[in-house]
Amino acid sequence: MRTSQRLKKVPPYLFVEISRRIAEKRARGIKVISFGIGDPDLATPENIVEKLRATSLDKPNHRYPETDGLPVFRQAVARWYQRRFGLSLDPDKEVLPLIGAKEGIGHAALCFIDPGDIALVPDPGYPVYSVGTWFAGGECHWLPLTEENGWLPDLDAIPADVARKAKVLWINYPNNPTGAIAGPEFFKKAVAFGKKHDIAVLHDACYTEVTYDGYRPQSFLQTPGAMDVGMEFHSLSKSYNMTGWRIGMAVGNADMIRALMTVKSNLDSGVPQAIQYMAIEAMATPDKVIDARNAVYQKRRDRVVKALQNMGLDAEAPKASLYIWTRVPEGYTSAEFTKLLLDERDVVVTPGTGYGKHGEGYVRLSLTISEEDLNIGLERLASLKVPSKAK
Ligand SMILES: Cc1ncc(COP(=O)(O)O)c(C=O)c1O
(Lines give C-alpha, C1' and ligand atoms only; values in the text may rest on other atoms or scores of the structure.)
Protein backbone atom coordinates (compact mmCIF):
# COMPACT_ATOMS: atom_id res chain seq x y z
CA MET A 1 0.00 0.00 0.00
CA ARG A 2 1.26 3.48 -0.83
CA THR A 3 -0.35 6.33 1.05
CA SER A 4 -0.40 9.84 -0.36
CA GLN A 5 2.44 12.35 -0.11
CA ARG A 6 0.08 14.77 1.59
CA LEU A 7 -0.11 12.54 4.66
CA LYS A 8 3.67 12.81 4.99
CA LYS A 9 3.24 16.56 5.39
CA VAL A 10 1.50 16.09 8.73
CA PRO A 11 4.13 16.78 11.39
CA PRO A 12 4.86 13.95 13.84
CA TYR A 13 2.42 14.12 16.74
CA LEU A 14 4.35 16.03 19.34
CA PHE A 15 2.48 14.44 22.18
CA VAL A 16 3.37 10.85 21.31
CA GLU A 17 6.09 10.71 23.93
CA ILE A 18 4.00 12.61 26.51
CA SER A 19 0.97 10.39 25.86
CA ARG A 20 3.12 7.27 26.22
CA ARG A 21 4.47 8.45 29.57
CA ILE A 22 0.99 9.42 30.81
CA ALA A 23 -0.38 5.98 29.86
CA GLU A 24 2.56 4.30 31.59
CA LYS A 25 2.00 6.29 34.79
CA ARG A 26 -1.75 5.62 34.78
CA ALA A 27 -1.10 1.90 34.28
CA ARG A 28 0.99 2.05 37.46
CA GLY A 29 -2.00 3.58 39.30
CA ILE A 30 -0.57 7.10 39.42
CA LYS A 31 -3.13 9.91 39.28
CA VAL A 32 -1.97 12.18 36.48
CA ILE A 33 -3.47 15.68 36.50
CA SER A 34 -3.95 17.15 33.05
CA PHE A 35 -4.00 20.83 32.12
CA GLY A 36 -3.60 19.62 28.53
CA ILE A 37 -6.61 19.60 26.26
CA GLY A 38 -9.20 22.41 26.01
CA ASP A 39 -12.34 20.32 26.36
CA PRO A 40 -14.94 21.77 28.75
CA ASP A 41 -15.40 19.56 31.83
CA LEU A 42 -18.70 21.33 32.60
CA ALA A 43 -21.76 19.57 31.19
CA THR A 44 -23.89 20.80 28.31
CA PRO A 45 -26.80 22.70 29.96
CA GLU A 46 -29.75 20.37 30.65
CA ASN A 47 -32.27 22.28 28.47
CA ILE A 48 -29.99 21.78 25.45
CA VAL A 49 -29.63 18.03 26.07
CA GLU A 50 -33.40 17.85 26.59
CA LYS A 51 -33.87 19.32 23.11
CA LEU A 52 -31.90 16.39 21.67
CA ARG A 53 -34.02 13.91 23.61
CA ALA A 54 -37.22 15.41 22.23
CA THR A 55 -36.14 16.04 18.62
CA SER A 56 -34.42 12.66 18.26
CA LEU A 57 -37.90 11.09 18.33
CA ASP A 58 -39.10 13.02 15.26
CA LYS A 59 -38.84 10.78 12.19
CA PRO A 60 -37.71 13.53 9.75
CA ASN A 61 -34.62 13.95 11.93
CA HIS A 62 -33.64 10.33 11.26
CA ARG A 63 -32.89 11.13 7.62
CA TYR A 64 -30.05 12.87 5.77
CA PRO A 65 -29.81 16.54 6.67
CA GLU A 66 -29.24 19.19 3.97
CA THR A 67 -25.68 20.54 3.83
CA ASP A 68 -26.94 24.09 4.23
CA GLY A 69 -28.87 23.06 7.31
CA LEU A 70 -32.38 23.72 8.52
CA PRO A 71 -33.71 27.19 7.64
CA VAL A 72 -34.62 27.59 11.34
CA PHE A 73 -30.99 26.89 12.28
CA ARG A 74 -29.68 29.53 9.87
CA GLN A 75 -32.29 32.00 11.14
CA ALA A 76 -31.25 31.29 14.74
CA VAL A 77 -27.62 32.02 13.82
CA ALA A 78 -28.68 35.32 12.21
CA ARG A 79 -30.66 36.21 15.36
CA TRP A 80 -27.69 35.32 17.55
CA TYR A 81 -25.40 37.52 15.44
CA GLN A 82 -27.87 40.38 15.66
CA ARG A 83 -28.23 40.05 19.42
CA ARG A 84 -24.56 39.44 20.16
CA PHE A 85 -22.81 41.67 17.58
CA GLY A 86 -25.51 43.94 16.19
CA LEU A 87 -24.96 42.57 12.67
CA SER A 88 -27.69 41.67 10.16
CA LEU A 89 -26.86 38.52 8.21
CA ASP A 90 -28.85 36.98 5.38
CA PRO A 91 -29.64 33.53 6.81
CA ASP A 92 -29.94 32.03 3.32
CA LYS A 93 -26.71 33.34 1.84
CA GLU A 94 -24.37 34.29 4.65
CA VAL A 95 -24.69 31.39 7.14
CA LEU A 96 -23.64 27.73 6.92
CA PRO A 97 -23.72 25.04 9.63
CA LEU A 98 -20.52 23.09 10.29
CA ILE A 99 -19.75 19.75 11.91
CA GLY A 100 -17.72 21.75 14.41
CA ALA A 101 -15.49 24.66 13.47
CA LYS A 102 -12.59 22.26 12.89
CA GLU A 103 -14.39 20.69 9.95
CA GLY A 104 -15.13 24.08 8.38
CA ILE A 105 -11.60 25.35 8.90
CA GLY A 106 -10.12 22.22 7.33
CA HIS A 107 -12.48 22.33 4.35
CA ALA A 108 -12.05 26.09 3.85
CA ALA A 109 -8.56 25.45 2.47
CA LEU A 110 -10.12 23.54 -0.43
CA CYS A 111 -12.12 26.66 -1.34
CA PHE A 112 -9.12 28.92 -1.79
CA ILE A 113 -5.88 26.98 -2.06
CA ASP A 114 -4.58 25.35 -5.25
CA PRO A 115 -1.27 23.49 -5.36
CA GLY A 116 1.57 25.96 -4.84
CA ASP A 117 -0.62 28.70 -3.34
CA ILE A 118 0.26 30.30 -0.04
CA ALA A 119 -1.75 30.63 3.15
CA LEU A 120 -0.66 33.12 5.80
CA VAL A 121 -0.76 31.19 9.05
CA PRO A 122 -0.08 32.34 12.62
CA ASP A 123 2.75 30.68 14.56
CA PRO A 124 1.94 29.64 17.25
CA GLY A 125 -1.55 28.73 16.09
CA TYR A 126 -4.32 26.14 16.00
CA PRO A 127 -2.79 23.36 13.84
CA VAL A 128 -5.77 22.90 11.47
CA TYR A 129 -4.94 26.12 9.53
CA SER A 130 -1.63 24.63 8.37
CA VAL A 131 -2.71 21.01 7.97
CA GLY A 132 -5.74 22.09 5.89
CA THR A 133 -3.41 24.15 3.68
CA TRP A 134 -1.05 21.23 3.14
CA PHE A 135 -3.87 18.82 2.36
CA ALA A 136 -5.01 21.24 -0.36
CA GLY A 137 -1.47 21.24 -1.82
CA GLY A 138 -0.57 24.72 -0.58
CA GLU A 139 2.31 26.11 1.44
CA CYS A 140 2.23 28.05 4.71
CA HIS A 141 3.95 31.36 5.19
CA TRP A 142 4.26 31.63 8.95
CA LEU A 143 3.30 34.82 10.74
CA PRO A 144 5.21 34.93 14.03
CA LEU A 145 3.10 35.90 17.03
CA THR A 146 5.32 37.38 19.70
CA GLU A 147 4.88 38.82 23.15
CA GLU A 148 6.32 42.16 21.94
CA ASN A 149 3.58 42.41 19.27
CA GLY A 150 0.83 41.50 21.74
CA TRP A 151 0.54 38.15 19.90
CA LEU A 152 -0.78 39.91 16.77
CA PRO A 153 0.82 39.20 13.37
CA ASP A 154 2.79 42.05 11.81
CA LEU A 155 1.04 42.27 8.43
CA ASP A 156 3.44 45.00 7.24
CA ALA A 157 6.33 42.54 7.57
CA ILE A 158 4.89 40.13 4.98
CA PRO A 159 7.13 40.30 1.87
CA ALA A 160 5.42 41.71 -1.24
CA ASP A 161 5.98 38.56 -3.34
CA VAL A 162 4.43 36.41 -0.58
CA ALA A 163 1.41 38.72 -0.29
CA ARG A 164 0.98 38.50 -4.09
CA LYS A 165 0.87 34.70 -4.01
CA ALA A 166 -1.17 34.36 -0.82
CA LYS A 167 -4.84 33.43 -1.06
CA VAL A 168 -5.78 33.24 2.60
CA LEU A 169 -4.97 35.03 5.85
CA TRP A 170 -5.89 33.09 9.02
CA ILE A 171 -6.52 35.04 12.22
CA ASN A 172 -7.93 33.88 15.56
CA TYR A 173 -9.00 36.14 18.44
CA PRO A 174 -9.50 35.47 21.31
CA ASN A 175 -6.49 33.34 20.51
CA ASN A 176 -5.53 29.75 21.05
CA PRO A 177 -2.93 29.10 22.44
CA THR A 178 -1.86 32.55 23.69
CA GLY A 179 -5.17 33.80 25.15
CA ALA A 180 -4.51 37.15 23.40
CA ILE A 181 -7.28 39.44 22.20
CA ALA A 182 -7.46 41.77 19.19
CA GLY A 183 -9.06 45.20 18.98
CA PRO A 184 -10.85 46.95 16.09
CA GLU A 185 -7.58 48.53 14.89
CA PHE A 186 -6.05 45.15 14.11
CA PHE A 187 -9.22 43.94 12.39
CA LYS A 188 -9.20 47.14 10.26
CA LYS A 189 -5.64 46.38 9.18
CA ALA A 190 -6.61 42.81 8.29
CA VAL A 191 -9.51 44.04 6.12
CA ALA A 192 -7.25 46.59 4.35
CA PHE A 193 -4.61 43.89 3.80
CA GLY A 194 -7.19 41.46 2.41
CA LYS A 195 -8.58 44.09 0.02
CA LYS A 196 -5.18 45.30 -1.16
CA HIS A 197 -3.91 41.81 -2.02
CA ASP A 198 -7.23 40.12 -2.89
CA ILE A 199 -6.81 37.67 -0.01
CA ALA A 200 -9.60 35.93 1.90
CA VAL A 201 -9.44 36.86 5.58
CA LEU A 202 -10.66 33.90 7.64
CA HIS A 203 -11.31 34.63 11.29
CA ASP A 204 -11.59 31.79 13.78
CA ALA A 205 -13.87 33.22 16.48
CA CYS A 206 -14.33 30.07 18.58
CA TYR A 207 -13.60 31.77 21.90
CA THR A 208 -15.70 34.96 21.70
CA GLU A 209 -18.06 33.69 24.42
CA VAL A 210 -15.39 32.52 26.87
CA THR A 211 -14.41 35.81 28.46
CA TYR A 212 -13.45 37.39 31.79
CA ASP A 213 -13.59 40.64 33.72
CA GLY A 214 -16.58 41.85 31.67
CA TYR A 215 -14.70 41.75 28.34
CA ARG A 216 -16.99 41.33 25.26
CA PRO A 217 -15.05 40.60 22.05
CA GLN A 218 -16.21 41.96 18.72
CA SER A 219 -16.93 39.94 15.64
CA PHE A 220 -14.37 40.49 12.87
CA LEU A 221 -17.38 41.04 10.60
CA GLN A 222 -18.26 44.25 12.49
CA THR A 223 -15.21 45.83 10.86
CA PRO A 224 -16.22 48.05 7.92
CA GLY A 225 -15.55 46.15 4.68
CA ALA A 226 -15.05 42.78 6.40
CA MET A 227 -18.05 41.23 4.64
CA ASP A 228 -16.30 41.93 1.30
CA VAL A 229 -13.21 39.90 2.18
CA GLY A 230 -14.01 37.69 5.11
CA MET A 231 -15.64 34.71 6.68
CA GLU A 232 -15.84 33.90 10.39
CA PHE A 233 -15.92 30.50 12.09
CA HIS A 234 -17.83 29.91 15.31
CA SER A 235 -18.11 26.86 17.45
CA LEU A 236 -20.82 25.84 19.88
CA SER A 237 -18.14 23.65 21.52
CA LYS A 238 -16.61 26.21 23.83
CA SER A 239 -19.47 28.73 23.83
CA TYR A 240 -22.03 26.25 25.23
CA ASN A 241 -19.96 23.26 26.47
CA MET A 242 -20.89 21.22 23.41
CA THR A 243 -17.63 19.66 22.16
CA GLY A 244 -19.24 16.21 22.05
CA TRP A 245 -22.12 17.23 19.78
CA ARG A 246 -20.03 18.64 16.93
CA ILE A 247 -21.68 21.79 15.67
CA GLY A 248 -20.49 25.23 14.63
CA MET A 249 -21.07 27.69 11.82
CA ALA A 250 -19.38 29.74 9.14
CA VAL A 251 -20.77 33.20 8.47
CA GLY A 252 -19.71 36.03 6.19
CA ASN A 253 -19.20 36.85 2.54
CA ALA A 254 -21.91 35.15 0.46
CA ASP A 255 -19.52 33.96 -2.30
CA MET A 256 -17.20 32.41 0.28
CA ILE A 257 -20.10 30.73 2.04
CA ARG A 258 -21.28 29.34 -1.32
CA ALA A 259 -17.75 28.03 -2.03
CA LEU A 260 -17.62 26.26 1.34
CA MET A 261 -21.09 24.86 0.74
CA THR A 262 -19.90 23.41 -2.60
CA VAL A 263 -16.94 21.69 -0.94
CA LYS A 264 -19.00 20.39 1.95
CA SER A 265 -21.96 19.16 -0.08
CA ASN A 266 -19.52 16.96 -2.00
CA LEU A 267 -17.71 15.59 1.03
CA ASP A 268 -20.16 15.43 3.93
CA SER A 269 -23.89 15.36 4.41
CA GLY A 270 -24.27 18.08 6.98
CA VAL A 271 -25.06 18.25 10.67
CA PRO A 272 -27.68 15.80 12.08
CA GLN A 273 -30.90 17.75 12.43
CA ALA A 274 -31.48 16.92 16.09
CA ILE A 275 -28.07 18.46 16.81
CA GLN A 276 -29.10 21.58 14.88
CA TYR A 277 -32.15 21.84 17.17
CA MET A 278 -29.80 21.60 20.16
CA ALA A 279 -27.79 24.48 18.72
CA ILE A 280 -30.93 26.59 18.21
CA GLU A 281 -31.77 26.02 21.88
CA ALA A 282 -28.16 26.83 22.88
CA MET A 283 -28.08 30.11 20.98
CA ALA A 284 -31.14 31.28 22.93
CA THR A 285 -29.30 30.77 26.24
CA PRO A 286 -29.67 33.88 28.43
CA ASP A 287 -26.41 35.82 28.95
CA LYS A 288 -26.57 35.19 32.69
CA VAL A 289 -26.04 31.45 32.17
CA ILE A 290 -22.91 32.07 30.12
CA ASP A 291 -21.73 34.69 32.62
CA ALA A 292 -22.08 32.14 35.45
CA ARG A 293 -20.11 29.55 33.46
CA ASN A 294 -17.39 32.11 32.71
CA ALA A 295 -17.24 33.02 36.40
CA VAL A 296 -16.28 29.39 37.11
CA TYR A 297 -13.44 29.56 34.58
CA GLN A 298 -12.40 32.98 35.87
CA LYS A 299 -11.94 31.66 39.40
CA ARG A 300 -9.84 28.81 38.03
CA ARG A 301 -7.87 31.27 35.89
CA ASP A 302 -7.01 33.39 38.92
CA ARG A 303 -5.93 30.37 40.95
CA VAL A 304 -3.75 28.96 38.17
CA VAL A 305 -2.13 32.33 37.44
CA LYS A 306 -1.38 32.84 41.13
CA ALA A 307 0.11 29.36 41.43
CA LEU A 308 2.35 29.95 38.42
CA GLN A 309 3.43 33.33 39.74
CA ASN A 310 4.27 31.70 43.08
CA MET A 311 6.53 29.34 41.12
CA GLY A 312 8.39 32.41 39.84
CA LEU A 313 6.79 32.38 36.35
CA ASP A 314 5.54 35.62 34.79
CA ALA A 315 2.03 34.32 34.04
CA GLU A 316 -0.66 36.87 33.22
CA ALA A 317 -4.43 36.49 33.42
CA PRO A 318 -5.97 36.40 29.91
CA LYS A 319 -9.15 38.38 29.18
CA ALA A 320 -10.61 35.47 27.20
CA SER A 321 -10.12 31.86 26.00
CA LEU A 322 -9.59 28.74 28.06
CA TYR A 323 -5.83 29.06 28.26
CA ILE A 324 -3.00 30.37 30.38
CA TRP A 325 0.06 30.84 28.18
CA THR A 326 3.17 31.33 30.21
CA ARG A 327 6.90 31.61 29.66
CA VAL A 328 8.92 28.67 31.02
CA PRO A 329 11.70 29.24 33.60
CA GLU A 330 14.98 30.59 32.24
CA GLY A 331 17.22 27.94 30.73
CA TYR A 332 14.39 25.48 29.97
CA THR A 333 12.86 24.63 26.62
CA SER A 334 9.10 24.07 26.42
CA ALA A 335 9.67 20.32 26.14
CA GLU A 336 12.12 20.21 29.09
CA PHE A 337 9.75 22.10 31.37
CA THR A 338 6.81 19.93 30.30
CA LYS A 339 8.88 16.84 31.06
CA LEU A 340 9.92 18.20 34.46
CA LEU A 341 6.28 18.77 35.50
CA LEU A 342 5.28 15.32 34.32
CA ASP A 343 8.28 13.50 35.84
CA GLU A 344 8.34 15.32 39.16
CA ARG A 345 4.68 16.10 39.79
CA ASP A 346 2.58 13.95 37.40
CA VAL A 347 1.14 17.17 35.96
CA VAL A 348 0.50 17.57 32.22
CA VAL A 349 0.80 20.90 30.40
CA THR A 350 1.12 21.46 26.64
CA PRO A 351 4.52 22.56 25.29
CA GLY A 352 4.21 25.75 23.23
CA THR A 353 6.09 24.12 20.36
CA GLY A 354 3.00 21.98 19.71
CA TYR A 355 1.55 25.12 18.10
CA GLY A 356 4.58 26.15 16.03
CA LYS A 357 8.22 26.99 16.45
CA HIS A 358 7.48 30.46 17.86
CA GLY A 359 5.74 28.68 20.73
CA GLU A 360 9.20 27.71 22.00
CA GLY A 361 9.80 29.04 25.51
CA TYR A 362 6.14 28.79 26.53
CA VAL A 363 3.65 26.25 27.84
CA ARG A 364 -0.15 26.27 27.76
CA LEU A 365 -2.43 25.31 30.64
CA SER A 366 -6.12 24.69 29.98
CA LEU A 367 -8.78 25.72 32.50
CA THR A 368 -11.10 22.83 31.58
CA ILE A 369 -10.22 20.84 34.66
CA SER A 370 -12.51 19.78 37.50
CA GLU A 371 -12.22 21.58 40.86
CA GLU A 372 -10.98 18.37 42.47
CA ASP A 373 -8.18 17.89 39.94
CA LEU A 374 -7.40 21.58 40.02
CA ASN A 375 -6.88 21.47 43.80
CA ILE A 376 -4.55 18.48 43.49
CA GLY A 377 -2.70 19.96 40.50
CA LEU A 378 -2.09 23.31 42.16
CA GLU A 379 -0.92 21.65 45.38
CA ARG A 380 1.57 19.62 43.38
CA LEU A 381 2.84 22.68 41.54
CA ALA A 382 3.19 24.61 44.81
CA SER A 383 5.46 21.93 46.23
CA LEU A 384 7.80 21.91 43.20
CA LYS A 385 11.16 23.63 43.44
CA VAL A 386 12.17 24.19 39.83
CA PRO A 387 15.90 23.34 39.59
CA SER A 388 17.74 26.41 38.28
CA LYS A 389 19.16 26.13 34.78
CA ALA A 390 19.80 29.83 34.38
CA LYS A 391 23.29 30.57 33.07
C1 LIG B 1 -8.86 27.98 17.83
C2 LIG B 1 -9.77 26.82 17.66
N3 LIG B 1 -10.52 26.74 16.55
C4 LIG B 1 -11.35 25.70 16.35
C5 LIG B 1 -11.48 24.69 17.27
C6 LIG B 1 -12.41 23.53 16.97
O7 LIG B 1 -13.66 23.70 17.48
P8 LIG B 1 -14.82 22.65 17.19
O9 LIG B 1 -14.95 21.81 18.42
O10 LIG B 1 -16.02 23.47 16.90
O11 LIG B 1 -14.43 21.82 16.00
C12 LIG B 1 -10.72 24.73 18.44
C13 LIG B 1 -10.82 23.63 19.42
O14 LIG B 1 -10.04 23.50 20.32
C15 LIG B 1 -9.84 25.82 18.64
O16 LIG B 1 -9.08 25.91 19.74
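The values are calculated or read from the model by the stated rules, or taken from the named source; none is laboratory data. Just so we're clear, the structure is a prediction, and the values are computed from it rather than from any experiment. Here the Cβ is made from the backbone with ideal geometry for all residues, glycine too, and neighbour counts use every protein chain on show. The area values use the complete protein model at the heavy-atom level, side chains included, leaving out ligands, DNA and RNA. Shrake-Rupley method; radii C 1.70, N 1.55, O 1.52, S 1.80 Å.
Tell me the Kirkwood hydrodynamic radius of segment 92-143 in angstroms, computed as one over the mean inverse distance between distinct C-alpha pairs. Spell out each step's value before the answer.
On the way: mean 1/r = 0.0876 Å⁻¹.
Result for segment 92-143, one decimal place: 11.4 Å.
In terms of solvent-accessible area of protein heavy atoms at a 1.4 angstrom probe, what is the ranking of Tyr215, Tyr81, highest value first?
Values: Tyr215 50, Tyr81 0 Å².
Largest accessible area first, the list is Tyr215, Tyr81.
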Open item on the list: Let me cross-check Val16: its accessible surface, 1.4 Å probe, with only protein heavy atoms counted, in Å² to the nearest 10?
Closed with: 90 Å²
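Hey, what number do you get for the chain at 222 nm if only DSSP H runs of n ≥ 4 count, each worth -39500 (n - 2.57), divided across all residues, to the nearest 500? Present the calculation step by step, with values, prior to reporting the outcome.
Working: 15 runs with 162 residues, N = 391.
That comes out to -12500 deg cm²/dmol.
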Open item on the list: Can you give the FRET efficiency to the nearest 0.05 for Lys93 and Lys389, using r as the Cβ-Cβ distance and R₀ = 45 Å?
Closed with: 0.20
TODO: Compute the distance in nm between two label points, each set 7 Å from the Cα along the Cα-to-Cβ direction, one at Asp41 and one at Glu344.
DONE: 2.3 nm
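Solvent-accessible area per residue for segment 92-246 at a 1.4 Å probe radius, Å²? Please report the intermediate quantities before stating the final value.
Details: 5420 Å² over 155 residues.
I get 35 Å² per residue for segment 92-246.
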TODO: With the cut-off at 16 Å, report for segment 192-252 the share of all Cα pairs above it, as a whole percent.
DONE: 51 percent
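Send over the semi-axes of segment 129-214's equivalent ellipsoid, whole angstrom and largest first, taken as the square roots of 5 times the C-alpha gyration tensor eigenvalues. Write out the running numbers ahead of the final one.
Numbers: eigenvalues 103, 47, 30 Å².
Semi-axis lengths for segment 129-214 are 23, 15, 12 Å.
Relative contact order of the chain: what whole-number percent is it, with Cα pairs under 8 angstrom and at least 6 residues apart?
Values: 717 pairs, mean separation 90.5, N = 391.
It comes to 23 percent, rounded to a whole number.
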TODO: Using only protein heavy atoms and a 1.4 Å probe, report how much of Arg79 is accessible, in Å² to the nearest 10.
DONE: 140 Å²
Task: Spherically averaged projected area in nm², based on the convex hull that wraps the Cα atoms of segment 163-270 - done: 7.9 nm²
Task: Approximate spin-label separation Asp302-Ala160, in nm, with each point projected 7 Å along Cα-to-Cβ - done: 5.3 nm
TODO: Apply the Debye scattering formula to segment 75-202, with a single equal point scatterer on each alpha-carbon and no solvent, then give log10 I(q)/I(0) at q = 0.12 Å⁻¹.
DONE: -0.49
Open item on the list: Could you tell me the center-to-center distance, by alpha carbons, between segment 148-197 and segment 223-287 in angstrom?
Closed with: 22 Å
Task: List Val162, Val289, ordered by accessible area with a 1.4 Å probe, largest first - done: Val289, Val162
- [ ] Determine by what factor the alpha-carbon radius of gyration of segment 252-370 differs from 2.2 N^0.38 Å, reporting the quotient.
- [x] 1.47
Task: Volume in Å³ per residue [convex hull over Cα atoms, computed for segment 303-350] - done: 84 Å³
Task: log10 of Debye I(q)/I(0), alpha-carbon scatterers only, for the chain at 0.11 Å⁻¹ - done: -0.82
Task: Beta bridge orientation in the chain: antiparallel %, DSSP, nearest 5 - done: 45 percent
Open item on the list: Here is the link list: Lys31/Lys357; Lys165/Lys238; Lys51/Lys93; Lys189/Lys299; Lys306/Lys339; Lys288/Lys319. Which ones come out longer than 28 Å on Cα distance?
Closed with: Lys31/Lys357; Lys165/Lys238; Lys189/Lys299
